[in-house]
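Before any comments, here is the structure.
The values are calculated or read from the model by the stated rules, or taken from the named source; none is laboratory data. Because the structure is a prediction, the values reported are computed rather than measured. Note: ideal-geometry Cβ built from the backbone for every residue, glycine included; neighbour counts use all protein chains shown. These accessible areas exclude ligands, DNA and RNA; they are computed on the full protein's heavy atoms, side chains included. Shrake-Rupley method; radii C 1.70, N 1.55, O 1.52, S 1.80 Å.
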Amino acid sequence: MKKGLILEGGAMRGMFTAGVIDVMMEHDIAFDGAIGVSAGAVFGCNYKSHQIGRSLRYNTKFCKDPRYASFRSLLTTGDLYGADFCYNEIPNKLDPFDLETYRNSPMEFYVVCTDVETGKPVYQKCMTGDAHDILWMRASASMPLVSRIVEVDGYKLLDGGISDSIPIRQFQKLGYDRNIIVLTQPLDYVKPKNQMVPLLRIMMRKYPNLVRTMRFRHDIYNATTAYIRKLEQKGRVFVIRPEAPLNIARVEHDPKELTRVYQLGRSVAEKRLEAMQAFLAAK
């Protein structure tokens with residue numbers, strides 16, 4: 001039996017996930033593998049490096065810094081979330097990423113990206129936490145229209161949430177049969193059609209397969225959450241989700257708002273801790 005952790009993205013809704021996984025780490029809950037999408041990738045990697053509180057710390061410290069996330073960054077660098085600042089300055093200097101712990105951890109860690117040429121998901125195992133792995137994590141969190149396409153290992157990549165927002169089926173294919181899924185939307189959430197598709201057709205016209213995937217993303221997402229609910233009812237997965245919409249901006253400059261959503265994640269995780277532990281311990 002392989003125990004897996006699946007982390008949905010959602011920009012700053014990911015602070016909910018950060019709160020959840022900090023509680024898990026504080027209670028020494030171990031997984032054989034984890035897979036993160038977008039914010040679930042860039043925050044979830046701290047599980048493998050076992051850095052409790054790191055996601056909250058650097059987000060609240062730098063959220064007002066225009067190098068971190070701003071339209072100025074978008075205009076001057078091509079990335080709303082400044083690539084050099086977020087994926088070089090912070091992990092290497094300002095709030096160091098614990099590479100030694102990351103590398104020594106036996107837990108497998110995967111990220112999901114979207115191949116802009118095919119419109120299909122690409123799954124990458126990141127086991128060292130080096131600059132190459134960080135580039136994959138950055139690709140997973142690179143939102144269309146406000147991020148540059150990330151080129152790595154022959155791929156041209158953007159946000160993994162475009163093509164596989166909640167990669168439960170992929171983890172099942174990899175043999176993970178006892179999975180905890182952390183979602184960032186409440187139970188009754190239904191993803192609507194993307195109103196930005198007309199603009200995407202223009203801005204991403206060189207990548208028609210990507211545009212097609214974006215056009216039908218809501219159908220894929222809603223089918224996946226319906227599948228997860230069926231698995232949940234059968235006791236085959238354990239789902240942690242917000243009890244109500246998180247109502248936080250995709251780019252949030254208020255540390256109090258980031259902390260609020262983080263604390264919501266902690267609260268739900270603490271409330272469901274014993275049930276979660278029982279699920280993982282069951283034979």
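Using a Förster distance of 41 Å, how high is the FRET efficiency between ALA249 and LYS2, based on the Cβ-Cβ distance and rounded to 0.05?
Using R0 = 41 Å, I get an efficiency of 0.65.
How large is the translational diffusion coefficient of segment 218-283 in µm² per second when you combine the Kirkwood radius over alpha carbon pairs with Stokes-Einstein at 10 °C and 1.306 mPa s?
113 µm²/s
So what's the back-of-envelope 222 nm ellipticity for the chain, counting only DSSP H runs of four-plus at -39500 (n - 2.57) apiece and dividing by all residues, rounded to 500?
For the chain, the value works out to -12500 deg cm²/dmol.
Whole number in Å², please: accessible area per residue of the chain, 1.4 Å probe, ligands, DNA and RNA not counted.
Heavy-atom accessible area per residue stands at 45 Å².
Using the beta-carbon distance between ARG57 and ILE202 and R0 = 51 Å, what value does 1/(1 + (r/R0)^6) give for FRET efficiency, to the nearest 0.05?
My answer for the efficiency is 0.85.
Can you bin segment 75-187 into rounded, prolate or oblate? Criterion: square roots of the alpha carbon gyration tensor eigenvalues sorted a ≥ b ≥ c, rounded for a/c under 1.5, prolate for a/b above b/c, oblate for the rest.
oblate
So how far, in whole Å, is the C-alpha centre of segment 1-72 from the one of segment 123-190?
About 13 Å separates the Cα centre of segment 1-72 from the one of segment 123-190.
So if R0 is 25 Å, what FRET efficiency would VAL190 and ARG212 give, r being the distance between their Cβ atoms, rounded to the nearest 0.05?
So the FRET efficiency works out to roughly 0.75.
Over the Cα atoms of the chain, what radius of gyration and what Dmax do you get, in Å?
17.5, 54
Hey, what D do you get for segment 109-252 in µm²/s if you plug the Kirkwood alpha-carbon radius into Stokes-Einstein at 37 °C and 0.692 mPa s?
For these conditions, the coefficient is 202 µm²/s.
How much of the DSSP bridge set in the chain is antiparallel, in percent, rounded to the nearest 5?
Around 40 percent antiparallel, to the nearest 5.
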